[in-house]
Amino acid sequence: VLVAVTPDNEIWINKKKVEPDQVRSTVEALRQENPKGTAVIQVDADADSGFLIEVANQIRDAGVDDIAVSTEEAGS
């Protein structure tokens with residue numbers, strides 16, 4: 001599961017914009033397709049770190065324990 005967090009704290013999962021309260025249900029649906037899948041969060045360096053933690057927690061709540069975080073510099 002590829003999750004992107006923009007500098008404006010927008011969340012994109014598999015190229016679709018998702019509201020913060022939809023992260024868990026979206027990831028749960030994707031896990032049904034690939035139960036052993038992992039998650040990668042690509043977060044912009046200007047995104048709020050507290051928001052990133054919230055997103056990661058929702059992914060864990062959806063049952064994904066293997067989460068990698070990649071940071072991109074602003075303007076990349």
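Here the Karplus curve 6.51 cos²θ - 1.76 cosθ + 1.60, taken at θ = phi - 60°, turns the phi angles of the stretch 56-62 into couplings of 4, 5, 5, 5, 4, 4, 7 Hz, with x standing for Gly and Pro. Average accessible surface for the chain: 62 Å² per residue, computed with a 1.4 Å probe over protein heavy atoms with every protein chain in place.
In percent, rounded to a whole number, the relative contact order of the chain is 37, using alpha-carbon pairs under 8 Å and six or more apart. In terms of its alpha-carbon gyration tensor, the chain comes out prolate; a/c meets the 1.5 threshold, and the first ratio a/b outweighs b/c. Summary of packing: across the peptides 43-53, 15-25, the per-residue average of other C-beta atoms within 10 Å ranks them, highest first, as 43-53, 15-25. Computed over protein heavy atoms with a 1.4 Å probe, the carbon and sulfur contribution to the accessible area of the chain reaches 44%. Extension gain, residue 71 to residue 28: 0.36 nm times the residue separation minus the Cα-Cα distance gives 13.1 nm.
The values are calculated or read from the model by the stated rules, or taken from the named source; none is laboratory data. What you see is a predicted model; the values in this text were computed from it and never measured. Counting neighbours? That spans all protein chains shown, and the Cβs are built from the backbone with ideal geometry, glycine included. Just the protein is used for accessible areas: all its heavy atoms, side chains included, with ligands, DNA and RNA removed. Shrake-Rupley method; radii C 1.70, N 1.55, O 1.52, S 1.80 Å.
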